[in-house]
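Before anything else, here's the structure in question.
The values are calculated or read from the model by the stated rules, or taken from the named source; none is laboratory data. On a predicted model such as this, the values are computed, not experimentally measured, just so you know. With ideal geometry, Cβ positions are generated from the backbone for all residues, glycine too; neighbour counts draw on all protein chains shown.
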Amino acid sequence: MADPLIQRLKQLIVTTLNLEGTAPAEIDENAPLINSGLALDSIDALELVVKIEKELGIKISNSEESRAALASVSSLAGFIRSRADAARLDAFLNRAA
């Protein structure tokens, strides 16, 4: 069974960054998000960080932490699980993209 957080993050990435022509299912959860993989640039990364902070109420405090969290969808899911409030995470998972 697919991880619901990873599936929700893929949807969030596609909608937040307006990745027209990319379906969430096409995103490899272990592929790099920045440069290769999805080839997101620094502006895309910033937009994604702001959206995650707003949706989940967690802070990504510096560029080093951001690079680690945004290494892949899987690493982002792990970062969120380690920092997010359980009730807020549950609400995020149950909210439509």
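Check off (1) touching a helix residue (DSSP H, G or I) at 6+ places or on another chain (Cβ under 6 Å); (2) at pLDDT 90 or above for GLU53 and give me the number that stays unchecked.
(1)
So GLU65 clears everything in (1) at pLDDT below 95; (2) part of a helix (DSSP H, G or I); (3) under 22 Å from ALA87 (Cα atoms) except one condition, right? Which one?
Against the list (1) at pLDDT below 95; (2) part of a helix (DSSP H, G or I); (3) under 22 Å from ALA87 (Cα atoms), GLU65 comes up short only on (3).
Could you run through the stretch 5-54 and say how many residues are surrounded by 12 or more Cβ atoms within 10 Å (Cβ to Cβ), part of a helix (DSSP H, G or I) and not basic (Lys, Arg)?
Qualifying residue count for the region: 20.
Name the residue, out of ALA71, ALA91, ALA77, that is on the phi < 0 side of the Ramachandran plot, at pLDDT 90 or above, surrounded by 12 or more Cβ atoms within 10 Å (Cβ to Cβ) and not in a helix (DSSP H, G or I).
Working: ALA91 fails: not in a helix (DSSP H, G or I); ALA77 fails: not in a helix (DSSP H, G or I).
On inspection, the qualifying residue turns out to be ALA71.
On the given criteria, is SER61 without any contact (Cβ under 8 Å) to a residue 24 or more places away in the chain, surrounded by 15 or more Cβ atoms within 10 Å (Cβ to Cβ) and out of contact with any Lys or Arg (no Cβ under 8 Å at 6 or more places or on another chain)? Walk me through it before giving the result.
Numbers: without any contact (Cβ under 8 Å) to a residue 24 or more places away in the chain: yes; surrounded by 15 or more Cβ atoms within 10 Å (Cβ to Cβ): no; out of contact with any Lys or Arg (no Cβ under 8 Å at 6 or more places or on another chain): yes.
Against the criterion (without any contact (Cβ under 8 Å) to a residue 24 or more places away in the chain, surrounded by 15 or more Cβ atoms within 10 Å (Cβ to Cβ) and out of contact with any Lys or Arg (no Cβ under 8 Å at 6 or more places or on another chain)), SER61 does not qualify.
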